[in-house]
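Derivation of every value follows stated rules applied to the coordinates shown; laboratory data play no part. As the structure is a prediction and not an experimental result, all values here were calculated from the model. Please note: Cβ atoms are built from the backbone with ideal geometry, for glycine as well, and neighbour counts cover all protein chains shown.
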Amino acid sequence: MGNKTGVLKQACDFLCHPSSRIPVLVIVAGSLLAGVILWGGFNTAMEATNDLEFCISCHEMRDNVYPEYKKTLHYSNRVGVRAICSDCHVPKSWGYKLVRKIEASRELVAKLTGYVDTPEKFEEHRMEMATREWARMKASDSRECRNCHTFDAMRKSVDKMPIFNKHMQAKEAGKTCIDCHKGIAHLLPREYENYGEEG
């Protein structure tokens, strides 16, 4: 028993009274290890909140926009490629993703206050929410759309010429995806017809 106490005292003295470089190295190594563990945990949590199941875990999303999305080509199509919520609403690059996650914290406040907790309230605020999202997408030049879609990847074919030509005209005019493709995965707000060109 006395031997164990002596070893513990020596270890404590060694770590608490840095008289050589070794305790400093232990502190540095421990700090690096703690940093890696914290970073890994944080990054894991960030990725977990990008999961479709997480996105529809609140009834506001599950009962309103999720059923709309399930009727679109982004959910089900002939080639079996599915774009989930985070593919369109969360940037891929880490810095932009972090900023977006911080911005999305307002959704927690909305959840706690019951801002859109009924279908009626959701419809009442749909235009406001859609306008905010369209502005975000326009400001980023539809960055998330471009993770999958690009003008340069469009195939020119005789049967699709009108579509191809429209997209090339949009490219030349400096338009971005959201300029023409509002309501691609969700219903347009009732007030959309009054939205006009200023939006």
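A Cβ distance below 7 Å, combined with a sequence gap of six or more or placement on separate chains, defines the contacts here; from the stretch 28-56, residues that are farther than 21 Å from residue 98 by Cβ reach residues that are assigned to a helix (DSSP H, G or I) in the pairs 56/62; 56/66.
Figure legend. Inter-residue proximity from the stretch 145-169: first residues more than 30 Å from residue 86 (Cβ to Cβ), second residues surrounded by 11 or more Cβ atoms within 10 Å (Cβ to Cβ), beta-carbon distance below 6 Å, spacing 6+ or different chains. Indicated pairs: 156/164.
Pick out, from the stretch 96-199, the helices (runs of 4 or more DSSP H) lying fully within it that include 2 or more residues that are over 21 Å from the mean Cα position of the chain (by Cα). In the stretch 96-199, the matching helices (runs of 4 or more DSSP H) lie at 119-139, 161-172. Remark: residue 66 falls outside the filter, which requires a residue to be hydroxyl-bearing (Ser, Thr, Tyr), in a helix (DSSP H, G or I), in contact (Cβ under 8 Å) with a residue 40 or more places away in the chain and surrounded by 12 or more Cβ atoms within 10 Å (Cβ to Cβ). Of all residues in the stretch 79-87, at least one satisfies being in contact with a Leu (Cβ under 7 Å, 6 or more places away or on another chain) and under 22 Å from residue 140 (Cβ atoms).
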